[in-house]
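Structure, as structure tokens:
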């Protein structure tokens, strides 16, 4: 679809330059500025978001006080994270949170029914060696009534980090 739009815009641009000779100088200047701006943006654009994923390992962070506040509309996962990476700024954690209906409180989670699951990224900025609070809003749609004991569990599926700028 973008190719069609680019083709139409370029066609109109060329048509105007041929049809209106007095616009050729201004049109050429506009074209040079646009190409220069696009080139500058391409050279200075930040790294692809995928490059920020998993630069640090889960062993380099410590989570504490992780809690899930269940609500009928939006549930909230909160906690604190300590970044023990020496050279990266931790900017996000992606969590996979599951809610279980278990027969008893001591039942292994593998023997429980999974009744809800959601994955979300918590955004923050934790420089090396620092502690930050995080919060992620989760939506568990169509949760059935719990017949046993409600339990939940989470796992960190991705970490997002930027290279630390050292003075």
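For residue 36, the stated conditions hold: it is modelled with pLDDT under 90 and either within 19 Å of the chain's Cα centre (by Cα) or outside any strand (DSSP E or B) (or both).
Is it the case that some residue within the stretch 106-113 is surrounded by fewer than 16 Cβ atoms within 10 Å (Cβ to Cβ), without any contact (Cβ under 8 Å) to a residue 24 or more places away in the chain and assigned to a strand (DSSP E or B)?
So the first thing to find is which residues in the stretch 106-113 are surrounded by fewer than 16 Cβ atoms within 10 Å (Cβ to Cβ), and the list is 106-111, 113.
From what's left, without any contact (Cβ under 8 Å) to a residue 24 or more places away in the chain: 106, 108, 110-111, 113.
Then drop every residue that is not assigned to a strand (DSSP E or B), which leaves 113.
So far as the stretch 106-113 goes, yes, one or more of its residues are surrounded by fewer than 16 Cβ atoms within 10 Å (Cβ to Cβ), without any contact (Cβ under 8 Å) to a residue 24 or more places away in the chain and assigned to a strand (DSSP E or B).
Specify which of the listed residues (117, 82) is in the same structural domain as residue 142 (by TED's automatic domain parsing) and closer than 30 Å to residue 144 by Cα.
On the way: 82 fails: closer than 30 Å to residue 144 by Cα.
Going through 117, 82 in turn, the sole match is 117.
Looking at (1) without any contact (Cβ under 8 Å) to a residue 40 or more places away in the chain; (2) crowded, with 18+ Cβ neighbours inside 10 Å, which one does residue 71 not meet, given that it meets all the others? So the condition that residue 71 fails would be (2).
From the list 82, 121, the lone residue that is surrounded by 13 or more Cβ atoms within 10 Å (Cβ to Cβ), within 13 Å of the chain's Cα centre (by Cα) and not in a loop (DSSP other than H, G, I, E, B) is 121. Can you find a residue that is in contact (Cβ under 8 Å) with a residue 40 or more places away in the chain, closer than 14 Å to residue 92 by Cβ, out of contact with any helix residue (DSSP H, G or I) (no Cβ under 7 Å at 6 or more places or on another chain) and surrounded by 14 or more Cβ atoms within 10 Å (Cβ to Cβ) anywhere in the stretch 136-148? Taking every residue of the stretch 136-148 in turn, at least one turns out to be in contact (Cβ under 8 Å) with a residue 40 or more places away in the chain, closer than 14 Å to residue 92 by Cβ, out of contact with any helix residue (DSSP H, G or I) (no Cβ under 7 Å at 6 or more places or on another chain) and surrounded by 14 or more Cβ atoms within 10 Å (Cβ to Cβ).
The values are calculated or read from the model by the stated rules, or taken from the named source; none is laboratory data. As the structure is a computational prediction, the values presented were derived from the model and not from experiment. Neighbour counts are summed over all protein chains in view; Cβ atoms, including those assigned to glycine, are modelled from backbone coordinates with ideal geometry.
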